[in-house]
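Every read-out reported here was derived from the displayed coordinates using simple, explicitly stated rules and does not represent laboratory data. What you are looking at is a predicted structure, and each value in this text was computed from that prediction instead of being measured. Please note: Cβ atoms are built from the backbone with ideal geometry, for glycine as well, and neighbour counts cover all protein chains shown.
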Amino acid sequence: MNDHKILEYSVVVPFYNEQGNVTPLYSDLKKVFEEISGEYEIIFVNDGSIDNTLQEMKELKPLKIINFRKNFGQTAALDAGFKEAKGKYIITLDGDGQNPPSEIPILISKMEEGGLDVVCGWRYKRKDTTLKRVFSRGAYFLRGFLVKDHVHDAGCTLRLYKKECFDDFDLFGEMHRFIPAALYWRGFRVGEIKVSHKPRVHGLSKYNWTRALKGFIDMISIWFWRKFSNRPLHLFGGAGIFFVLIGVLFFIVLGLLRLFLGYSLSDKIWPLVATLLIVVGVQLFVSGIMTDILIKGYYSNGKTSYNIKDIIVN
């Protein structure tokens, strides 16, 4: 790793309470890049670990450490790593040791042969718990309907990106699962390749039902961004106009019934229903306008959802 030369590769690895995995993973990465031509850097992101993860990192050289003040999540850790990376290509993998660095040359070959901008690992034979595999399978079907990311394994962090993919592109929420989808929608060429997956040796999995729920919510968010990120008024405004029209139609029908058939409205709930539909429609339309304004503000925000305590260069 040499800061005075043009870097070819940046390796970004997020860690949260992964003591015992830090040093073996670093050693494996070093061995792999001894066989790969091109200068490189290794960036470890300490995502607010409360064990000895940071202490293990400080004993490794050469290494760049991004140290968060607290735990902000994997998406924030990757975003910070992407912004700090100097290489032409960015490689990501998990800090739990389940993504073998020995697969990195396979990703590089796939990118070169296919003329791709992004190559995603596909853990064809996963070494995870049954519950985690069930959640992942369900998420795969939902992604196919809502997100259409054209990859089999959105949860695999072992990926290779061209650095240009992240120009003017910020990550938020639990978006790390949907980076390939977001890049595909932006016009980048996305491919995948089968990779091996190792059982966890040290530490405990951070995956639980709350992460699955957050992932589903973010999937809905990603769907919205894909369909309406540049035109939210089309969604909310369209729904608002629909409700207003239904409400007005209700009033017309009720008026005709009252005038020509003598239908009494004084003891009926239907006028209230018609009024409610119109009010809801107006509120949705106004929400569309406000969302449109907020999204325009988002693109010029420039803020991050995390706080870096320090950057340590060993």
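Table for the structure above
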| read-out | value |
| --- | --- |
| When each of Lys64/Lys163; Lys30/Lys162; Lys125/Lys163; Lys194/Lys309; Lys58/Lys309; Lys58/Lys110 is checked by Cα-Cα distance, pairs over 26 Å | Lys125/Lys163; Lys194/Lys309; Lys58/Lys110 |
| Order by protection proxy (mean Cβ within 10 Å, highest first), peptides 243-256, 152-165 | 152-165, 243-256 |
| Local net charge near Thr23, Cβ-Cβ under 14 Å (Lys/Arg +1, Asp/Glu -1) | -2 |
